[in-house]
Structure formats: structure tokens, C-alpha cells
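Contents: one structure, followed by commentary.
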Amino acid sequence: MSLLEAVDVSKSFGGIRALNACCVHVEEGEIVGLIGPNGSGKTTLFNVMTGYERADSGMVRMRNKPIAGSSPRAVFGLGVGRTFQLTRIFPRLTVLENAHVAAQRPNFAASLGRWSATKERTRVTELLDFVGLARLRDVPAGNLSYGQKKLLEIASILVAEPKVLLLDEPAGGINPTMIAYLSDRIRDLNHRGVTFLVVEHNMEFVMGLCNRVSVMHRGATIADGPAAEIRQNPAVLDAYLGD
Ligand SMILES: Nc1ncnc2c1ncn2[C@@H]1O[C@H](COP(=O)(O)OP(=O)(O)OP(=O)(O)O)[C@@H](O)[C@H]1O
Ligand SMILES: [Mg+2]
């Protein structure tokens, strides 16, 4: 049984077939990369897997429990967390306030229901420390660099202790030092039991971080395997060169 899987998922927007019998699976403890040319359906798949879009057909399961058709809140309650391609933070609130706001979000509150204010404070402080933002806790989040905003977003999601975290282009637009730091944090979380599915165009980042890579092209999965194999796969090269 996979931790999280999408089986034969299709989704059209008007005449555009964003997903075409797409299959992706994530096993407990893995860091899986999801790559593919622009418009190949990666974000749409994330949206379907997290309840933000409804699939036309196919199945999404978390630990064998069907989640297609569930609300984002319900999916979150099952332990599936995600980030968005564009960061979602409140620029006028401080870093610390942003993390607390996240903890108060209704879908988080479900999993944190039994937490005391003290426990929430401890957890938020630990997480800001973990992503290297503790010293910036009183700075308005709008003043952070793009990379720091992404780290804040990740910290905010971690408040709810997801089992699997879907990251959409975490390394996009951030500098190499920050990318290395982000890789370290992801690996560290993975050692602590968090499973990852990561969409990313930065191949060095993907190849260095992921145990396994799935490749999408025109809404379907065209290859899946160890990073080193995927790199040499002619069908993958064709998909990139063709688009
Ligand atoms: N809400 C929508 N309405 C109409 N078309 C959409 C919508 N969302 C996605 N699409 C289309 O579906 C296809 C897949 O888009 P998607 O954003 O999933 O690709 P992607 O692999 O994430 O691309 P990128 O690497 O550029 O982020 C594209 O042709 C896109 O234009
Ligand atoms: Mg996308």
C-alpha cells in the first residue's frame, strides 16, 4: 500500500486535457521528484491530490483511503500538506505572527485541537528555529527575501505535522545557498519521518535530493525510476526538447 497515490487521474479544463490517466505514487519515507515541461500537469495533479480540484476520473488515495472529491481541509486532516507555487503569507504580519496564524487556520485547528497555547508557542518557535528564521521572528514577513518566504511557508505547514508534504517549485527563484539550505532541511525532515513529493524545474536540486523521480508529459506519467536512470531516459529528453 502506497502512502499517497494517484491512479489514472484525468482532468480537463474546457478543451485542455491537463491530466490524462496520470499515475503517481509515493511510498512512506521517500522523497519523490515530479518533473515535466511547463504545462505538463504537475500543479493540476497537486491540486487534485489535495482537494483543490476535482478529477474527472481516476482515484487518489492516502493510505488506501480515497480522497478524490474531499475538501482541502479534509485532505489536510489526513496528513497531506502542500505549498503553492506562489507563496501565501501575510506581508504585514511578522514572521512569528504568520506562523501563529497558520496554527489557527481551521484545517490546522482540527489536528491541533488538543494543543494548549503554550504547546503551540513552543512548536512555532522550534519550527522558526529549524528553518533559520528565529532571529527574524519580529520582522514583517513582507520584508523577507523570496527564499525566506518559502521557508516561512514550509514552517507554517509543519505546524500541523503533515505525514506527506507536497512542494510546488520550492527552489524556484531562490539563490544557490538558500537552495542548499532548503535541501538540508527537507532531508532532515525526511529523517524525522516526513515523506515528500517535490515538483521542481531545477534538475540539480531534484537529482541531488530525490530517491525516485516521476516524469510527466502532456498530463501523463511517461517515466518513473531512480534519479540517475531518469536522467538518461531518451523519452524524458524528448519530452523536454519537444516542448
Ligand atoms: N484552472 C485552469 N483553467 C484552465 N486551464 C488550466 C487551469 N489550470 C491549469 N490549466 C492548464 O492545464 C495544463 C497543465 O497546467 P499545470 O499548471 O498543471 O502545469 P505544470 O506542469 O504545473 O506547469 P508549470 O511547470 O509551468 O508550473 C496547462 O495547459 C494549463 O494551461
Ligand atoms: Mg506548475
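Could we say that R218 is under 22 Å from V80 (Cα atoms), buried (at least 16 other Cβ atoms within 10 Å of the Cβ), more than 15 Å from the chain's Cα centre (by Cα) and in contact (Cβ under 8 Å) with a residue 40 or more places away in the chain here? No. Taking every residue in the range 1-19 that is of a type in the set (V, I, T) and pairing it with any residue that is assigned to a loop (DSSP other than H, G, I, E, B), at least 6 positions away or on another chain, the pairs with Cβ-Cβ distances below 7 Å are V9/A55.
Of the residues making up the range 24-66, those that are away from ligand 2 (no atom under 16 Å from the Cβ), over 26 Å from R187 (Cβ atoms) and not charged (D, E, K, R) are G51, A55, S57, G58, M59, V60, N64, P66. Could you tell me whether any residue of the range 215-235 is closer than 30 Å to R121 by Cβ, in contact with a strand residue (DSSP E or B) (Cβ under 8 Å, 6 or more places away or on another chain) and of a type in the set (A, V, I, L, M)? No - not one qualifying residue is present in the range 215-235. If you go through the range 1-23 and pick out every residue that is within 14 Å of ligand 2 (Cβ to nearest atom) and either of a type in the set (S, T, N, Q) or closer than 21 Å to N190 by Cα (or both), you end up with 0. For the subset of the range 91-117 comprising residues that are at pLDDT 90 or above and in a loop (DSSP other than H, G, I, E, B), which member is surrounded by the most Cβ atoms within 10 Å (Cβ to Cβ)? So the residue we want is L93.
Test of understanding: among R61, R73, R17, which residue is assigned to a helix (DSSP H, G or I) and more than 22 Å from F205 (Cβ to Cβ)?
Values: R61 fails: assigned to a helix (DSSP H, G or I); R17 fails: assigned to a helix (DSSP H, G or I).
On inspection, the qualifying residue turns out to be R73.
Among the residues of the range 126-155, just one is under 16 Å from the mean Cα position of the chain (by Cα), among the small types (G, A, S) and either loosely packed, with under 14 Cβ neighbours inside 10 Å or closer than 12 Å to A99 by Cα (or both), namely A155. If I filter the range 165-175 for residues that are over 26 Å from E27 (Cβ atoms) and buried (at least 20 other Cβ atoms within 10 Å of the Cβ), do I get at least one hit? Yes - at least one qualifying residue is present in the range 165-175.
Quick one: is V194 surrounded by 19 or more Cβ atoms within 10 Å (Cβ to Cβ), under 17 Å from the mean Cα position of the chain (by Cα) and under 19 Å from C22 (Cα atoms)? Steps first, answer last, please.
Working: surrounded by 19 or more Cβ atoms within 10 Å (Cβ to Cβ): yes; under 17 Å from the mean Cα position of the chain (by Cα): yes; under 19 Å from C22 (Cα atoms): no.
No; evaluated as a whole, the condition is false for this residue.
The values are calculated or read from the model by the stated rules, or taken from the named source; none is laboratory data. Note that the structure is a prediction, hence the values are computed from the model and not measured. Positions of Cβ are generated from backbone atoms using ideal geometry, with glycine treated the same way; all protein chains shown enter the neighbour counts.
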